[in-house]
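Each reported figure results from applying straightforward, stated rules to the coordinates on display, with no laboratory input. The shown structure was predicted, so the numbers you read here are calculated from the model rather than taken from an experiment. With ideal geometry, Cβ positions are generated from the backbone for all residues, glycine too; neighbour counts draw on all protein chains shown.
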Amino acid sequence: NAGVMQNPRHLVRRRGQEARLRCSPMKGHSHVYWYRQLPEEGLKFMVYLQKENIIDESGMPKERFSAEFPKEGPSILRIQQVVRGDSAAYFCASSRPTENTEAFFGQGTRLTVV
Amino acid sequence: AQSVTQLDSQVPVFEEAPVELRCNYSSSVSVYLFWYVQYPNQGLQLLLKYLSGSTLVKGINGFEAEFNKSQTSFHLRKPSVHISDTAEYFCAVSPLTGTASKLTFGTGTRLQVTL
């Protein structure tokens, strides 16, 4: 049973480009969460999605950031027109719909904006 | 809203010595409590969680934590650490209502175990 898969592991983008981060949850998990970890800080909640629905996006920046979890395929976190301050590690976690007291984390995507 | 405070950003300790990593939280509602470990360039792995019942919780790798409601604390302990325990440790909480996987994390404590 594969764990939460995130790709790419490392992503370098120039300022102004778009970044697309992918997350495939564990088998049987239909809840996906995205977190951002800035250097020397803890993880901060960004968004919680279920298939085809955004449930809670209270942690998402108001502009340039969007997330989706389509019926088929991985969840995508999209950052448009990246800036240096977007450089961080982005982690995805998934949980089961009936037992959501344990979130399983992926290894993260480390985004560097140059 | 919830907040988590990990007062110690770094804890150096010798191998085979005991260790305690401190965690205090603030919340207007009842919460679940968690400790996660992050090894370099890796994701987070759940060490243990408190949902209800006994306030002493045992986790993986010989770690345990005690929930103290009056002091709003959830300190992590290990009686004898190993070099392989060197990692970043995060305390987290989530509200009982809604999804328990919407976590609020502390800023982390870096445990450095040396010979």
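Below, the figures for the structure above:
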{"quantity": "For chain A, alpha-carbon Rg over 2.2 N^0.38 Å", "calculated": "1.00"}
{"quantity": "Mean-position separation - Cα centroids, region B:29-102 and region A:1-42, in angstrom", "calculated": "23 Å"}
{"quantity": "When the protein assembly as shown is reduced to its Cα atoms, the Kirkwood hydrodynamic radius in Å", "calculated": "18.2 Å"}
{"quantity": "Distance-filtered residues of region B:74-115 - backbone nitrogen under 14 Å, label point 7 angstrom along B:ASP8 Cα→Cβ", "calculated": "B:74-82, B:86-91, B:108-114"}
{"quantity": "Viscosity 1.002 mPa s, temperature 20 °C, Stokes-Einstein D of chain B from Kirkwood C-alpha radius, µm²/s", "calculated": "151 µm²/s"}
{"quantity": "Averaged over B:31-41, number of beta-carbon atoms from partner chains that fall within 10 Å", "calculated": "2"}
{"quantity": "Peptide-level mean, for B:13-23, of C-beta atoms on other protein chains within 10 Å", "calculated": "0"}
